[in-house]
Amino acid sequence: MARRGTTETTPAPLRFPVMAFRGRLGAWYRRHARKLPWRGVQDGYAIWVSEVMLQQTRVATVIERYREFLGRFPTLAALAAADVDQVLALWSGLGYYRRARMLHRAAQFVVRELGGELPRTAAQLRTLPGVGGYTAAAIASLAFGERVAVLDGNVERVLLRVLGEAEDNSAAGQRRLAALAQQLVPPPAKAPKPGRPDGAAAAVNRPGDHNQAMMELGATVCLPRAPLCLQCPVMALCKTRGEHITAPRAPMKSRYAAHLLALRKRGVGTEVLLEQRPGEASLMAGMVELPPLPADAIEGLEPALRLRHAITTTNYLVEIFTEAAGRSLQQHVPAERRDLHWVAAERLGQQPLTGLARKVLLKLKIMERGQ
Ligand code: SF4
(Lines give C-alpha, C1' and ligand atoms only; values in the text may rest on other atoms or scores of the structure.)
Protein backbone atom coordinates (compact mmCIF):
# COMPACT_ATOMS: atom_id res chain seq x y z
CA MET A 1 0.00 0.00 0.00
CA ALA A 2 1.40 3.40 -0.90
CA ARG A 3 2.62 5.62 1.87
CA ARG A 4 1.16 9.06 2.08
CA GLY A 5 1.32 12.06 4.32
CA THR A 6 -1.04 14.91 4.75
CA THR A 7 -1.24 18.50 5.71
CA GLU A 8 -4.91 18.71 4.67
CA THR A 9 -7.41 20.53 6.82
CA THR A 10 -10.23 18.66 8.46
CA PRO A 11 -13.70 18.79 6.87
CA ALA A 12 -15.66 17.91 10.04
CA PRO A 13 -14.61 17.31 13.64
CA LEU A 14 -14.11 13.68 14.50
CA ARG A 15 -16.70 12.15 16.87
CA PHE A 16 -14.19 10.12 18.75
CA PRO A 17 -12.41 10.36 22.14
CA VAL A 18 -9.27 11.79 20.62
CA MET A 19 -7.56 12.72 23.90
CA ALA A 20 -8.10 9.25 25.40
CA PHE A 21 -6.81 7.66 22.22
CA ARG A 22 -3.65 9.76 22.19
CA GLY A 23 -3.04 9.13 25.90
CA ARG A 24 -3.38 5.34 25.68
CA LEU A 25 -1.40 5.07 22.50
CA GLY A 26 1.40 7.31 23.81
CA ALA A 27 1.72 5.44 27.12
CA TRP A 28 1.86 2.10 25.29
CA TYR A 29 4.47 3.40 22.85
CA ARG A 30 6.76 4.67 25.59
CA ARG A 31 6.71 1.23 27.25
CA HIS A 32 6.65 -1.12 24.28
CA ALA A 33 8.28 0.54 21.29
CA ARG A 34 11.01 -1.51 19.66
CA LYS A 35 14.47 -0.04 20.03
CA LEU A 36 15.42 0.88 16.48
CA PRO A 37 18.51 2.87 15.49
CA TRP A 38 16.49 5.70 13.91
CA ARG A 39 14.20 6.17 16.92
CA GLY A 40 14.93 9.25 18.97
CA VAL A 41 17.08 10.66 16.17
CA GLN A 42 16.52 14.31 15.32
CA ASP A 43 18.73 14.48 12.28
CA GLY A 44 16.41 15.00 9.30
CA TYR A 45 18.89 13.40 6.91
CA ALA A 46 19.20 10.21 9.00
CA ILE A 47 15.40 9.97 9.28
CA TRP A 48 15.09 10.50 5.56
CA VAL A 49 17.50 7.61 4.89
CA SER A 50 15.64 5.30 7.29
CA GLU A 51 12.23 6.15 5.82
CA VAL A 52 13.38 5.57 2.26
CA MET A 53 14.95 2.24 3.24
CA LEU A 54 11.85 1.15 5.15
CA GLN A 55 9.63 1.56 2.11
CA GLN A 56 9.14 -2.01 0.85
CA THR A 57 11.92 -3.50 3.00
CA ARG A 58 11.62 -5.37 6.32
CA VAL A 59 12.80 -3.62 9.49
CA ALA A 60 15.24 -6.43 10.37
CA THR A 61 16.99 -6.02 7.01
CA VAL A 62 17.07 -2.24 7.22
CA ILE A 63 18.68 -2.07 10.69
CA GLU A 64 22.09 -3.31 9.54
CA ARG A 65 22.01 -1.55 6.19
CA TYR A 66 21.00 1.79 7.73
CA ARG A 67 24.07 1.72 9.96
CA GLU A 68 26.35 0.81 7.08
CA PHE A 69 24.88 3.54 4.90
CA LEU A 70 25.24 6.25 7.52
CA GLY A 71 28.73 4.98 8.37
CA ARG A 72 29.73 5.57 4.76
CA PHE A 73 27.62 8.69 4.11
CA PRO A 74 27.17 10.31 7.54
CA THR A 75 25.84 13.59 6.16
CA LEU A 76 23.70 14.80 3.33
CA ALA A 77 26.77 16.51 1.87
CA ALA A 78 28.72 13.21 1.90
CA LEU A 79 25.90 11.45 0.08
CA ALA A 80 25.59 14.23 -2.48
CA ALA A 81 29.33 14.08 -3.19
CA ALA A 82 29.33 10.32 -3.77
CA ASP A 83 29.19 8.58 -7.12
CA VAL A 84 25.81 6.94 -7.82
CA ASP A 85 27.49 3.52 -8.20
CA GLN A 86 28.88 3.81 -4.66
CA VAL A 87 25.37 4.54 -3.42
CA LEU A 88 23.88 1.61 -5.33
CA ALA A 89 26.61 -0.71 -4.00
CA LEU A 90 25.56 0.13 -0.43
CA TRP A 91 21.93 -0.38 -1.39
CA SER A 92 22.64 -3.84 -2.81
CA GLY A 93 20.16 -6.40 -1.48
CA LEU A 94 17.59 -3.82 -0.37
CA GLY A 95 15.80 -3.90 -3.74
CA TYR A 96 13.82 -1.09 -5.37
CA TYR A 97 17.03 0.61 -6.46
CA ARG A 98 15.19 3.59 -7.85
CA ARG A 99 14.80 4.69 -4.22
CA ALA A 100 18.58 4.95 -3.86
CA ARG A 101 18.96 6.87 -7.11
CA MET A 102 16.23 9.33 -6.09
CA LEU A 103 17.68 9.81 -2.60
CA HIS A 104 21.07 10.55 -4.12
CA ARG A 105 19.57 12.94 -6.68
CA ALA A 106 17.56 14.78 -4.02
CA ALA A 107 20.64 15.10 -1.78
CA GLN A 108 22.50 16.69 -4.70
CA PHE A 109 19.56 19.03 -5.26
CA VAL A 110 19.61 20.15 -1.60
CA VAL A 111 23.34 20.85 -1.74
CA ARG A 112 23.20 22.59 -5.10
CA GLU A 113 19.96 24.57 -4.78
CA LEU A 114 19.36 24.98 -1.05
CA GLY A 115 22.87 25.48 0.28
CA GLY A 116 22.85 22.01 1.90
CA GLU A 117 19.98 22.86 4.31
CA LEU A 118 17.24 20.25 4.41
CA PRO A 119 13.79 21.95 4.46
CA ARG A 120 11.89 21.58 7.76
CA THR A 121 8.24 21.46 6.70
CA ALA A 122 6.35 18.76 4.84
CA ALA A 123 5.21 21.24 2.18
CA GLN A 124 8.80 22.31 1.45
CA LEU A 125 10.16 18.78 1.61
CA ARG A 126 7.68 17.69 -1.03
CA THR A 127 9.36 20.00 -3.52
CA LEU A 128 12.50 17.82 -3.44
CA PRO A 129 12.87 15.41 -6.37
CA GLY A 130 11.37 12.01 -5.56
CA VAL A 131 10.10 12.97 -2.08
CA GLY A 132 6.43 12.01 -1.77
CA GLY A 133 3.82 12.92 0.81
CA TYR A 134 4.64 10.10 3.18
CA THR A 135 8.38 10.76 3.35
CA ALA A 136 7.89 14.52 3.62
CA ALA A 137 5.45 14.11 6.53
CA ALA A 138 7.69 11.58 8.25
CA ILE A 139 10.79 13.81 8.11
CA ALA A 140 8.88 16.96 9.07
CA SER A 141 7.17 15.38 12.08
CA LEU A 142 9.88 13.00 13.34
CA ALA A 143 12.84 15.34 12.89
CA PHE A 144 11.29 18.80 13.20
CA GLY A 145 8.11 18.22 15.23
CA GLU A 146 5.65 19.52 12.63
CA ARG A 147 2.03 18.64 13.37
CA VAL A 148 1.42 16.57 10.27
CA ALA A 149 0.10 13.01 10.05
CA VAL A 150 1.97 10.23 8.29
CA LEU A 151 -0.23 7.72 6.58
CA ASP A 152 1.32 4.44 5.52
CA GLY A 153 -0.33 1.05 5.10
CA ASN A 154 -0.02 0.27 8.81
CA VAL A 155 -1.50 3.57 9.96
CA GLU A 156 -4.29 3.32 7.43
CA ARG A 157 -5.26 -0.13 8.72
CA VAL A 158 -5.28 1.03 12.36
CA LEU A 159 -7.42 4.04 11.50
CA LEU A 160 -9.97 2.06 9.48
CA ARG A 161 -10.33 -0.50 12.25
CA VAL A 162 -10.41 1.90 15.18
CA LEU A 163 -12.95 4.19 13.53
CA GLY A 164 -14.94 1.39 11.89
CA GLU A 165 -14.56 2.97 8.46
CA ALA A 166 -14.95 0.97 5.24
CA GLU A 167 -11.88 0.76 3.01
CA ASP A 168 -12.25 3.29 0.19
CA ASN A 169 -9.39 3.63 -2.27
CA SER A 170 -10.99 6.45 -4.25
CA ALA A 171 -9.29 9.86 -4.13
CA ALA A 172 -12.11 11.21 -1.96
CA GLY A 173 -11.83 8.24 0.41
CA GLN A 174 -8.09 8.75 0.74
CA ARG A 175 -8.52 12.47 1.41
CA ARG A 176 -11.05 11.69 4.12
CA LEU A 177 -8.74 9.18 5.78
CA ALA A 178 -5.86 11.63 5.62
CA ALA A 179 -8.03 14.27 7.31
CA LEU A 180 -9.00 11.82 10.06
CA ALA A 181 -5.37 10.90 10.63
CA GLN A 182 -4.51 14.58 10.89
CA GLN A 183 -7.08 15.15 13.65
CA LEU A 184 -5.45 12.54 15.84
CA VAL A 185 -1.99 14.15 15.76
CA PRO A 186 -1.36 16.15 18.95
CA PRO A 187 -0.02 19.70 18.80
CA PRO A 188 3.62 20.29 19.71
CA ALA A 189 4.32 20.63 23.44
CA LYS A 190 4.10 24.21 24.70
CA ALA A 191 7.38 25.96 25.31
CA PRO A 192 8.08 26.32 29.07
CA LYS A 193 7.33 29.67 30.68
CA PRO A 194 10.50 31.63 31.47
CA GLY A 195 11.92 30.50 34.80
CA ARG A 196 9.93 27.23 34.89
CA PRO A 197 12.12 24.07 35.04
CA ASP A 198 9.96 22.02 32.63
CA GLY A 199 12.16 22.25 29.55
CA ALA A 200 12.25 18.45 29.26
CA ALA A 201 8.49 18.30 28.74
CA ALA A 202 8.72 20.86 25.98
CA ALA A 203 11.51 18.86 24.36
CA VAL A 204 9.16 15.90 23.75
CA ASN A 205 8.25 15.67 20.10
CA ARG A 206 4.53 14.94 20.47
CA PRO A 207 3.58 14.90 16.75
CA GLY A 208 6.61 12.75 15.90
CA ASP A 209 6.05 10.33 18.77
CA HIS A 210 2.38 10.00 17.88
CA ASN A 211 3.20 9.15 14.28
CA GLN A 212 5.80 6.60 15.35
CA ALA A 213 3.30 5.08 17.78
CA MET A 214 0.62 4.71 15.09
CA MET A 215 3.09 3.01 12.77
CA GLU A 216 4.36 0.80 15.60
CA LEU A 217 0.84 -0.27 16.58
CA GLY A 218 0.09 -1.27 13.00
CA ALA A 219 3.40 -3.09 12.60
CA THR A 220 3.37 -5.07 15.85
CA VAL A 221 -0.22 -5.35 17.19
CA CYS A 222 -2.88 -4.40 14.66
CA LEU A 223 -1.56 -6.95 12.17
CA PRO A 224 -3.19 -7.34 8.75
CA ARG A 225 -4.57 -10.86 9.10
CA ALA A 226 -4.70 -11.59 12.83
CA PRO A 227 -4.70 -8.42 14.95
CA LEU A 228 -3.63 -8.97 18.58
CA CYS A 229 -6.60 -7.11 20.03
CA LEU A 230 -6.13 -8.42 23.56
CA GLN A 231 -2.72 -6.71 23.67
CA CYS A 232 -3.94 -3.51 22.07
CA PRO A 233 -3.78 -0.30 24.13
CA VAL A 234 -6.78 1.21 22.32
CA MET A 235 -9.04 -1.85 22.28
CA ALA A 236 -11.62 -0.15 24.51
CA LEU A 237 -11.94 2.64 21.92
CA CYS A 238 -11.81 0.47 18.83
CA LYS A 239 -15.03 0.11 16.84
CA THR A 240 -14.16 -3.20 15.14
CA ARG A 241 -11.77 -5.14 17.46
CA GLY A 242 -10.51 -7.50 14.79
CA GLU A 243 -13.73 -7.72 12.80
CA HIS A 244 -12.56 -5.34 10.10
CA ILE A 245 -11.88 -7.12 6.84
CA THR A 246 -8.57 -6.40 5.18
CA ALA A 247 -8.51 -6.76 1.39
CA PRO A 248 -6.53 -9.87 0.36
CA ARG A 249 -3.09 -9.32 -1.08
CA ALA A 250 -2.36 -9.94 -4.74
CA PRO A 251 -1.25 -13.57 -5.14
CA MET A 252 2.47 -14.16 -5.75
CA LYS A 253 3.52 -15.33 -9.23
CA SER A 254 6.11 -18.07 -9.70
CA ARG A 255 8.97 -17.83 -12.21
CA TYR A 256 12.15 -19.71 -13.02
CA ALA A 257 15.57 -18.14 -13.64
CA ALA A 258 18.99 -19.60 -14.43
CA HIS A 259 22.30 -17.75 -13.94
CA LEU A 260 25.93 -18.47 -14.66
CA LEU A 261 28.57 -18.43 -11.96
CA ALA A 262 31.91 -18.22 -13.76
CA LEU A 263 35.08 -17.89 -11.67
CA ARG A 264 38.73 -17.60 -12.64
CA LYS A 265 41.98 -17.43 -10.72
CA ARG A 266 44.07 -14.25 -10.97
CA GLY A 267 47.31 -14.47 -8.98
CA VAL A 268 46.29 -15.48 -5.48
CA GLY A 269 42.77 -14.12 -5.89
CA THR A 270 39.55 -15.09 -7.61
CA GLU A 271 37.51 -13.11 -10.12
CA VAL A 272 33.79 -13.42 -10.83
CA LEU A 273 32.11 -12.77 -14.17
CA LEU A 274 29.37 -10.15 -13.76
CA GLU A 275 27.03 -8.41 -16.15
CA GLN A 276 25.73 -4.85 -15.90
CA ARG A 277 22.03 -4.40 -16.62
CA PRO A 278 21.21 -1.69 -19.17
CA GLY A 279 20.84 1.83 -17.80
CA GLU A 280 17.39 2.09 -19.39
CA ALA A 281 16.08 -1.24 -17.98
CA SER A 282 12.72 -0.86 -16.24
CA LEU A 283 13.90 -3.06 -13.37
CA MET A 284 17.21 -2.71 -11.51
CA ALA A 285 18.70 -0.38 -14.14
CA GLY A 286 22.50 -0.27 -14.05
CA MET A 287 22.74 -2.95 -11.37
CA VAL A 288 25.24 -5.77 -11.66
CA GLU A 289 24.18 -9.43 -11.72
CA LEU A 290 25.38 -12.94 -12.51
CA PRO A 291 24.84 -13.42 -16.27
CA PRO A 292 21.42 -14.97 -17.01
CA LEU A 293 21.29 -18.18 -19.06
CA PRO A 294 18.59 -19.28 -21.51
CA ALA A 295 16.76 -22.57 -20.86
CA ASP A 296 18.34 -24.47 -23.77
CA ALA A 297 21.89 -23.80 -22.49
CA ILE A 298 21.33 -25.68 -19.26
CA GLU A 299 19.23 -28.58 -20.44
CA GLY A 300 20.32 -31.77 -18.68
CA LEU A 301 22.81 -29.97 -16.39
CA GLU A 302 22.77 -30.16 -12.59
CA PRO A 303 22.87 -26.72 -10.88
CA ALA A 304 25.56 -25.92 -8.34
CA LEU A 305 22.98 -24.11 -6.24
CA ARG A 306 19.20 -23.91 -6.12
CA LEU A 307 17.44 -21.17 -4.10
CA ARG A 308 14.29 -19.13 -3.87
CA HIS A 309 14.25 -15.35 -4.26
CA ALA A 310 11.27 -12.99 -4.11
CA ILE A 311 11.07 -9.72 -6.06
CA THR A 312 7.92 -7.65 -5.43
CA THR A 313 5.04 -10.07 -6.24
CA THR A 314 7.11 -12.74 -7.96
CA ASN A 315 8.72 -15.78 -6.35
CA TYR A 316 11.68 -17.01 -8.37
CA LEU A 317 13.09 -20.49 -8.30
CA VAL A 318 16.70 -19.75 -9.20
CA GLU A 319 19.32 -22.23 -10.35
CA ILE A 320 23.01 -21.33 -10.53
CA PHE A 321 25.22 -23.18 -12.99
CA THR A 322 29.00 -23.25 -13.12
CA GLU A 323 31.35 -24.05 -15.97
CA ALA A 324 32.25 -27.13 -13.93
CA ALA A 325 28.92 -28.56 -15.06
CA GLY A 326 30.87 -29.76 -18.11
CA ARG A 327 29.84 -27.32 -20.84
CA SER A 328 31.14 -23.90 -21.79
CA LEU A 329 28.22 -21.75 -20.71
CA GLN A 330 29.63 -18.25 -21.28
CA GLN A 331 28.88 -18.43 -24.99
CA HIS A 332 25.18 -18.86 -24.15
CA VAL A 333 24.85 -15.49 -22.40
CA PRO A 334 22.38 -13.64 -24.69
CA ALA A 335 24.24 -11.61 -27.33
CA GLU A 336 22.43 -8.31 -26.71
CA ARG A 337 23.34 -8.36 -23.04
CA ARG A 338 27.06 -9.05 -23.15
CA ASP A 339 28.19 -6.19 -20.92
CA LEU A 340 30.42 -8.63 -19.05
CA HIS A 341 33.24 -7.83 -16.62
CA TRP A 342 35.57 -9.88 -14.47
CA VAL A 343 35.54 -8.46 -10.95
CA ALA A 344 37.97 -9.39 -8.17
CA ALA A 345 36.18 -11.11 -5.27
CA GLU A 346 37.54 -8.59 -2.75
CA ARG A 347 35.95 -5.75 -4.77
CA LEU A 348 32.45 -7.24 -4.89
CA GLY A 349 31.28 -5.06 -2.00
CA GLN A 350 31.88 -1.97 -4.13
CA GLN A 351 29.66 -3.22 -6.94
CA PRO A 352 25.96 -2.29 -7.28
CA LEU A 353 24.98 -5.96 -7.03
CA THR A 354 21.38 -7.08 -7.39
CA GLY A 355 19.90 -8.70 -4.28
CA LEU A 356 20.01 -12.12 -5.93
CA ALA A 357 23.68 -11.84 -6.99
CA ARG A 358 24.61 -10.72 -3.49
CA LYS A 359 22.66 -13.59 -1.94
CA VAL A 360 24.36 -16.20 -4.17
CA LEU A 361 27.86 -14.80 -3.69
CA LEU A 362 27.41 -14.71 0.10
CA LYS A 363 25.90 -18.21 0.19
CA LEU A 364 28.81 -19.66 -1.78
CA LYS A 365 31.28 -17.69 0.38
CA ILE A 366 32.78 -15.92 -2.65
CA MET A 367 31.87 -12.64 -0.96
CA GLU A 368 32.15 -11.81 2.75
CA ARG A 369 29.26 -10.32 4.73
CA GLY A 370 29.92 -6.61 5.49
CA GLN A 371 32.45 -6.42 2.63
FE1 SF4 B 1 -6.48 -3.23 15.75
FE2 SF4 B 1 -7.70 -4.90 17.44
FE3 SF4 B 1 -6.46 -2.74 18.37
FE4 SF4 B 1 -8.71 -2.49 17.01
S5 SF4 B 1 -8.44 -3.50 18.98
S6 SF4 B 1 -6.86 -1.26 16.74
S7 SF4 B 1 -8.51 -4.13 15.51
S8 SF4 B 1 -5.49 -4.48 17.32
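The values are calculated or read from the model by the stated rules, or taken from the named source; none is laboratory data. What you see is a predicted model; the values in this text were computed from it and never measured. For neighbour counting, all protein chains shown are included, and Cβ atoms are generated from backbone atoms with ideal geometry for every residue, glycine included. The area values use the complete protein model at the heavy-atom level, side chains included, leaving out ligands, DNA and RNA. Shrake-Rupley method; radii C 1.70, N 1.55, O 1.52, S 1.80 Å.
Things worth noting here:
- Heavy-atom accessible surface of the range 4-237: percent carbon and sulfur, 1.4 Å: 54
- Candidate lysines for bridging to Lys363, where Cα separation is under 23 Å - those fewer than 8 sequence places away on the same chain excluded: Lys265
- Among Leu317, Pro224, Ala136 - extreme Cα towards positive end, dipole of the chain, charges at beta-carbon: Pro224
- Rh by Kirkwood over Cα pairs, then Stokes-Einstein D for the chain at 0.890 mPa s and 25 °C, µm²/s: 106
- Backbone geometry of the range 111-118 corresponds, through the Karplus equation with coefficients 6.51, -1.76 and 1.60 at θ = phi - 60°, to 3J(HN,Hα) couplings of 5, 6, 9, 10, x, x, 8, 6 Hz, x marking Gly and Pro.
- Whichever aspartates and glutamates have a C-alpha closer than 14 Å to that of Lys365, once near sequence neighbours (fewer than 8 apart) are set aside: Glu271, Glu346
- Between Ile311 and Tyr316, the built amide H atoms are under 5 Å apart, and every one of these is 5 or more places off in sequence or on another chain.
- Taking every C-alpha pair closer than 8 Å and separated by at least 6 residues, the mean separation divided by the residue count of the chain gives a relative contact order of 19 percent.
- Helix-only CD estimate at 222 nm, as mean residue ellipticity for the chain, using -39500 (n - 2.57) per DSSP H run (n ≥ 4): -11500 deg cm²/dmol
- Applying the Karplus relation 6.51 cos²θ - 1.76 cosθ + 1.60 with θ = phi - 60° to the range 15-26 yields 3J(HN,Hα) values of 8, 6, x, 4, 5, 5, 4, 4, x, 5, 4, x Hz, where x marks Gly and Pro.
- Residue-normalised accessible area of the range 4-237, expressed per residue, 1.4 Å probe, Å²: 47
- Max mean-square fluctuation residue, GNM over the chain, Cα-Cα springs under 10 Å, options Trp342, Trp38, Trp91: Trp342
- Rel. contact order, % - alpha carbon contacts under 8 angstrom, at least six apart, the range 253-363: 36
- Accessible surface of Lys359 - all protein chains present, 1.4 Å probe, nearest 10 Å²: 70
- Rounded, prolate or oblate (a/c below 1.5 giving rounded, otherwise prolate when a/b exceeds b/c) for the range 280-371 by Cα gyration tensor: rounded
- With all protein chains modelled, accessible area of Phe144 [1.4 Å, Å²]: 50
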